[in-house]
Structure formats: structure tokens, C-alpha cells
Amino acid sequence: MNDPSEAYGSPIGRAAELAALARAIRAARAGGPTAVLVEGPAGIGKTTLVEHALRTRHTAADQEPPGAVLRVRGVSWETELPFGVVQQLLRTPGNGLAPAPEAPRDVLGAAHLLHRQWTGRAEREPLTVVVDDAHWADPESLRAIGSALRRTTTERLLVVLVARDDPRELYGGYEPYESPEPPAGPPPAVLTALELLDHFREHTVRPGPLTPQELRALARERAGIALDLPTARRLGRHTRGNPRHAGRLLRELPPDSWQDPRGELPAPARYTAAVRRRLAHCAPATRALVEACAVLGDDAPLAEAAALAGPGDPLPAVDEARAAGLLTAAVDPGRALLTFAHPLIRAAVRTGLGLTRRAELHARAARLTDDPGRGLLHRTAATTTTDAALAEELDRHATGRASAGAWSEVADTLVHAARLSPGRAEREDRLLRAVDAMIGAGDVPRATAFAAELESFPADTRRGAVLGYLAIMRGRPAEADAFLTQAWRRCDPERHRDLMARICQRRVLHALGRWDGPELVTWARRAIELADPDDPSAVESQAVLGLGLAAAGRPDEALAAYDAAAAALPPGGAQPQRFHLGRGWVDLALDAPEDARRRLEAAVPTGYRMGSTRISLWAQGWLARTQFALGAWPEALETAQRAAVRLADSGIEPVRPLVHWTAAQIHALRGDREAADRHAAEAAADGHHYEVMLVPACLARAHAAEARGDYERVVEALTPVVRLPARDSVDEPGFWPWADVYANALVLTGRLDDADAFLAPHEQRAARRGRRSALARLGLARGRLTAARGDIDGAREEFDRSLAHLNRLPLPYDRARIGFAYGQTLRRAGKRREADTVLKNARDAYAALGARAYVERCERELQAGGVHTARLTPGMARLTPQERAVAGLVAAGATNQQTALELFISVKTVQYHLTNVYAKFGIRSRSELAARFREPSTEA
């Protein structure tokens, strides 16, 4: 068949999948016959992925041509044709066989012919065999391919099978039907083919759904449309991230339609046609049931759907809808729920309903349901004009649900109420309250989609309070301050007391973002005075008050405030979540990490307690930090990754850098530079963001650089924190452990006077607070500084004092870090035997934590010390321990400056050792040195 590669563009995303295929191609070209199964739903981009990997398999560095590709494709009407795919392969031009090979009669004969074909081609050049739509391949051909592969040993052969994981799926299934009736299920041959494909699963590539960011790239590249992130998420949910479905919708819908956050997305035209064909082949009772489910939505109770569909036994209709791939059913004792097999199926059915039929079904559904909220929504959907009375009913229902903290339902209800409101004032008020509820529900992307409309409203107190709240959640302090200040000035204390309390509470969140302890305390106390004791504004402000006191340097008052508040807490509901977060955050800062872990774990769940997504995300961010401090790194990474997933959906920006900081640090310490850099990039923030975002963002970059021994980059990463105009609360010991990292980097880059001047006030404050962990960390930098000034005995005292501060504190990473600095300092001072013991302890501590990057650095220090050396080849044995350490780093790609920083020696010393290494090996360049280290058995 003709080469179809030019018909496929480059895949969006898919870096991991392309890497997996590239590995398989390399293995096959090296003489390791390989089979890869590429599977996934129709339209997910399997063929595009394979063709792109084959187009890019040859690079300029390759010493041989890319090789041949044989392509065949299974088709549904030849599934039961024995050896149909094998004969396609045997008749492919250039197959190396006779012009008209005899048709195979059995599996082993077919396998023999394929083996002859493949080995003949693979002797001349690497060979790739692609079987597209392998789920339609006849079972005999799949067996023959499997048997032929079993007979290969060293051939340069790659077999790629591209298959759908569910051939019944719409938009690529059995359409068009060859008979008046649709098949009840896959033909037996297809079932056999699916079973046979399981034998090829040793190497499986499964493209997943596109992420919202990848959908934005798809829209930009394929349709020239700039999607905002909320719309991309909505498109992703609607299409399940399928690039074919998303691409067709992007091309079919007018570009302006993507600017409306409330528009109902249809299904692509061809998908809709396929759904309607299937539905047309169903019995009238089945069509009525499917249409009823389209009106009721996902997880429709069978009893409710049957009542809406009309009289008759619903079970045969359910069976037929399931067999047609339209509905799925979840059946439990006494209850059955119906849902659509794909969101696009529901969209296709809904758009096929006439307006009269749809309104009639919604009106009947409203009468059938016992749920007041659902009844109101059905009445709304049946209404095509404004309706003041119905809007008022919706408003009252939203108020009731707000008292239960059901913010997502409140938001939906108020949006409908706003649409039905005939008066402008009511419409604007309800939409403002709807957006406020969206933010409360943790759905910032959806709230953001309404921001432009809200900004067009007349400036008043509620508008400023809502837009200020949204600006806080988007991490925009200047914008938040402007809106909240405007709202506060417009407040009338006689008329707006509740609204004033809410503005105060948002000022509390704003002060928290700015990490301004005194300001946080001021606004928290105002909110408590203005709000009713049980109001959420008062509850959250009370919970944050202790945190503000601690950040302002008043830890005793902070603990007293939490103790008093805890005594008045109700046993259930959402209120304890806020207190657990605040107290756990403070506990971590005050050197009680085990108490912090217990409280933060209690603040994470949001189910059953009606908890807040925002509070849960903050709790997860600080729980990950606590788990990191306690040495539970796998748990910390899992917590951070789980929070990162929720962040992507919620869009709550202030928490983002905190979550990715922990992930960046752990990956850096493990030696995974790519992952560390990725998380550091995800954590990015600058001076336009809140301090609570900037500080962890800078720390993420600093830790990634420190793990590489690049201390100039550490200084650069933390300079924005140094330059903060108001840093008093940021410098409060225990909350943001940045000062010791910065001071250590100053020492290691030779800025000793700067380090001394910087350290002194931090040490004094930590001593006044009695914060042992901060004193220990700062003592590391002081020890290095003292040694750098030539006082090794004084440095030894500083390091010993630092380690003593950690006695009875469960902080294994801090202990290992101080030990490493101590040993490195002793080694530089010539105390090699003493350094050897300290470095071994640090190495063992790092190894227990999984900090591979620092285990390797400890090993290099031990090697440079030369007290205990590994058995060396004769060539390496001619080098001194210091020369071996220098040569190893330079051979790995380090510059002289990086090598000097890593080994705690001067650049001139590196140059001196490197000159000696070159002379002993008889080489002249760094590339020759790298080659020598790649061949450890070579003698010089």
C-alpha cells in the first residue's frame, strides 16, 4: 500500500508515548525483534502517534538508513476472511517473495511465509511491520503473526499492532450497518481477535486523553482558536480529551461560540449522525428511554427514567440501549443508575430533540422528581423566557443550600436564577452571588469565565467583594487590594454589616497571601467582631488568627488563641477543618512536626464534612512539607502529586507553588533533574504574585540548583526573597526555611562578609524564639562561614551545636544536610579521618531517605578524602583521591566552577588537578577524559 505518513500531522503532547516507541525502534534496530501494541479508543491519535514515531526514527547521528516499513490495515468486513491480513503482507511490493505467493492454508504455514519475508528484508535493512486497525484483523492472521515473531531471534524487526480497545465504540464501530438490524454485539471473530491481541501486551503504548493545556495547543495549531483554560477543561470533559472529537468540534463551531462559558456544546456532526443511526435502529421504547436519560442527565435512576419514558417494562429497553453502546447501567440491590457511554452521546441525543419535545420532557421530569432542587432545574430547562417567580424560587433554594455549604449547587442555581430574572438589578446581584459561590466551591476557572461580565457591572460593594475574592484566588494581589479597598470604602455600616464581615474575611485571605502577620491579625479581629459567631467569615477568621499571631512573632498568644477556639468548636461540620489547618501549619513552624502531621491529615478530607477545597489544598501542601521534614518522602510526593491534580481543576493559584516546591525538592534530592525542573517551573511566581507564592517558588528553584552544587544559581533563585520590601513575617523562623539556604550559598560562592551580615539577625531572632530547627539550619551556614575564615575549631563547635539542636527532633533530612556540610568542611581542612566518619553517617542518612544525588556527593567527598578507596584499575590508581574526584566531575560534564563548588575547593585547585590528570592519562581535552571514564577497564 502507499506510504500514508504524509497524511498525519505531528501529535500534540505524547512525549512519553513517543519515547516508548522510540525505545522499541532502537531495540529492534539493535537486533532485538520487538512487538508493540498501541491501543486506545477511536480518535485518540494512535495512528498519528505511530506514523510520527516512524517519520522521526532516523537522525543525523544514525549510521544506517531508517529501514523499510510494511503497512497493512484490518477492515470490519474482512474480519472473518481467514489470513486476509497475512495475504496483504505477503503481497506488499518488495516483500522478497515470489510475485504471487501461494495462499497460506494453515497458521503455521502462514507464519513460515511471514518469517521468510521478514528475515529476508531484515538482513538488508531494519524492518517495521505496521498492522493498523488490528482489532478487525482475522484471528488466523494474528495467530500467524504471533508464531512468526516467536521464530525470530536476532532480526532487526519491529511489529506494531494498532488497535481500538473497544471496537463497539461509536464513531468508528459498525457503521454503516450492512443489514437492517444493528449487531447485538461484536462478531465472534472480533472477540477472538481481541483475546489474541492480549498476547502482544508485553510492550503496550496507550495514548491517554489530552490535558487542557494540550487541548489549547490543539485549538491554536489546528483551528487558530485561542481557548482559555476553563473552556479547554470544559472541552476536555465533553470529549474525554479525544483529539479527533475535539478537533472536529473546534472546526465545526463558530470561533465566537468558544467565548461563551455557558453555551451547551454539541457532538461533532459525524458523531451525531452515528448516534442517530444507532438510535433509529432501536425500538421505540428504547429511543424513549435514551431520550429520557438525555433530559435527566448522568446517573439517572432507572425508575425515574422509565417513568419519564412512558409505560412498559424498561428492562428490555435498557438491554437494547446497552447492546447498541448508548447507555451503561450500574445495578445495586434495590437501585439501578443509567448513564451514557460517552458525554458526546448525550449531546447528540439532546441536540436531536426538538425544542417542544425537550420542554415537554423537562416539564414532566419536574413533576416526577421528589428532589426540590432537581425539580427547579427541570422547570428552568423547560422555560424559554424570563420568569420572575421561578427566579425567586431558585434564589430561595440557593439560600437554603448555602447554609449547608453546598456551594457548587448554589452557584448553578443562582446562574439559572440570573438568566430568568427580568430586572437588571436582580440579574446582576444573582450572578455576583453565583460567582462568589463558584469560588467557594473551589471552581476558580468557571468563576474566571464570568469575570469580564462582572467587571461590566456598576461599581458597588458586592461587586468589589466578589472580584477581590476572585483576584485573591487567581494570585493577583494588586488587583485584589484595589477591589477590596473600593468595596470597603463603599460599605455603609448600618446597611452592610454582613457584607463588611465578608470583606474583612477576604482581607484576611489577602493578608495571608502577603504573609503579613500583623495585618492578618488586624483584619481577622475585625471580621470576628462584625460577623455572627457561626458565620463562615467569623469561623475562618478565628482559625487564621492564631496563624497571624505566630507569623507576627507571638507564638504563645497563637497557641492560646487556638486552645480557646478549639474549646468552642462544634464536633462536626466544616469548621474543624479550618482549625486543623491553621494549628497544623503553626505546629510545623514551632518544631512539632508529628502534631502537625496529625492535624493536617484531619484537614485534608472534604467529603462527608462539607469541607472546603481551598482549605484541603492548603492542608495537603503543608502536609507534604511535614511529611518531607519527617523523612516520609514517598508519602510527601504522593500528597503533593494528588494536590497538583486537584489544583489543575480548581485553579486556586496561591497554593500552587507550595505544592510543587515539595515535589521539586524531593526529585532534586533523588537526582531526577528533569522532574525537579518541571515542578520548579510549575511552581513559578514573581513579584507580581503574593509572597506566599513567591517564597516557595524561589525555594523550589533554589533546592533544584543546590542539589546540583550550583550555588550561584541558588543565590540568584533566592534574590527576589531578599529584595522583598516587607520581609518581617517571611523571616519569622520556622515558616519559610530559606535563610539558611541563601546564607550557605553566599559562603560557598565566596561572599563571606555578606553571609555574616545576613546571618546575624536571623540567628538572633531564632534564638529569641527558641526555634531549634531554625538554629540548627542556620548553624550549618555559620559553621561553613567560620571554617572559610580559617577557624576550624570554631567551625567544629558550630556544627556540633547545630546537631545538638536537632536532638529529640524527628528531622532526618536536616540532620543529614548538616552532617554533609560538616564532613565536607572537615575534609577541606585536612581532617580526613574525622571527615570520613561524619560523611559516612551523612551518606547513610541520605541513603535511608532516598536522596541519591547527595549519596553520590558523599561518595565523591569520601573518595576525595582518600581514607578508604575502592579497588581501582591501574590507570585510575595513578591518580590521587582529589584528582579522581575532580576528573570524575569534569568527565560528567561539570565546569571548573561547578567542580570547585561541589568539592569545596578553589577553581585554581581544580585547574591544577586537571592538568595533572591530563598529563597522567596522556590526553588533552575534556571529551577525551569523558571517554576514558566511559571505559573504566582501560589502562593508561
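The values are calculated or read from the model by the stated rules, or taken from the named source; none is laboratory data. All of these numbers come straight from a predicted model, not from anything done at the bench. Every residue, glycine as well, gets a Cβ built from its backbone with ideal geometry; the counts of neighbours run over all protein chains shown.
Among the residues making up the stretch 74-87, those that are within 10 Å of residue 141 (Cα to Cα) and assigned to a helix (DSSP H, G or I) are 84, 85, 86, 87.
For residue 708, the conditions (1) at pLDDT 95 or above; (2) within 23 Å of residue 629 (Cβ to Cβ) are fulfilled apart from (1).
In the stretch 632-639, the condition of being free of Cβ contacts under 8 Å to residues at least 40 places away in the same chain, over 21 Å from the mean Cα position of the chain (by Cα) and part of a helix (DSSP H, G or I) is met by no residue.
Elements of the type helices (runs of 4 or more DSSP H) sitting completely within the stretch 486-605 and holding at least 2 residues that are more than 30 Å from residue 635 (Cα to Cα) and either touching a Ser or Thr at 6+ places or on another chain (Cβ under 7 Å) or of a type in the set (Val, Ile, Thr) (or both): these cover 497-514, 517-530.
Based on this model, can you work out whether residue 158 counts as touching a Lys or Arg at 6+ places or on another chain (Cβ under 9 Å), closer than 27 Å to residue 30 by Cβ and at pLDDT 70 or above? Criteria met by residue 158. Pairing each residue of the stretch 740-756 that is at positive phi with any residue that is of a type in the set (A, V, I, L, M, F, W, C), provided the two are 6+ apart or on different chains, yields no C-beta distance under 6 Å. Residues in the stretch 468-485 that are touching an Asp or Glu at 6+ places or on another chain (Cβ under 7 Å) and not basic (Lys, Arg) were compared, and the one that is farthest from residue 435 (Cα to Cα) is 475.
Within the stretch 788-807, the set of residues being of a type in the set (S, T, N, Q) and in a helix (DSSP H, G or I) comprises just one member, 802.
Beta carbons closer than 6 Å, at least 6 apart along the sequence or on distinct chains, pair a first residue in the stretch 785-814 that is polar (S, T, N, Q) with a second that is crowded, with 17+ Cβ neighbours inside 10 Å for 786/795; 786/798; 802/776; 802/779; 802/780; 802/818.
If only one of 219, 226 is among the small types (Gly, Ala, Ser), free of Cβ contacts under 8 Å to residues at least 40 places away in the same chain and in a helix (DSSP H, G or I), which one is it? Exactly one of 219, 226 is among the small types (Gly, Ala, Ser), free of Cβ contacts under 8 Å to residues at least 40 places away in the same chain and in a helix (DSSP H, G or I), namely 219. Against the list (1) in contact with a Leu (Cβ under 9 Å, 6 or more places away or on another chain); (2) more than 21 Å from residue 731 (Cβ to Cβ), the condition residue 530 fails is (1). May I ask you to list the residues in the stretch 523-569 that are closer than 15 Å to residue 580 by Cα, over 33 Å from the mean Cα position of the chain (by Cα) and not hydroxyl-bearing (Ser, Thr, Tyr)? Scanning the stretch 523-569 gives 558, 559, 560, 561, 563, 564, 565, 566, 567, 568, 569. Screening 724, 759, 669 for residues that are outside the structural domain of residue 848 (by TED's automatic domain parsing), over 24 Å from the mean Cα position of the chain (by Cα) and either surrounded by 24 or more Cβ atoms within 10 Å (Cβ to Cβ) or at pLDDT 95 or above (or both) leaves exactly one candidate, 724.
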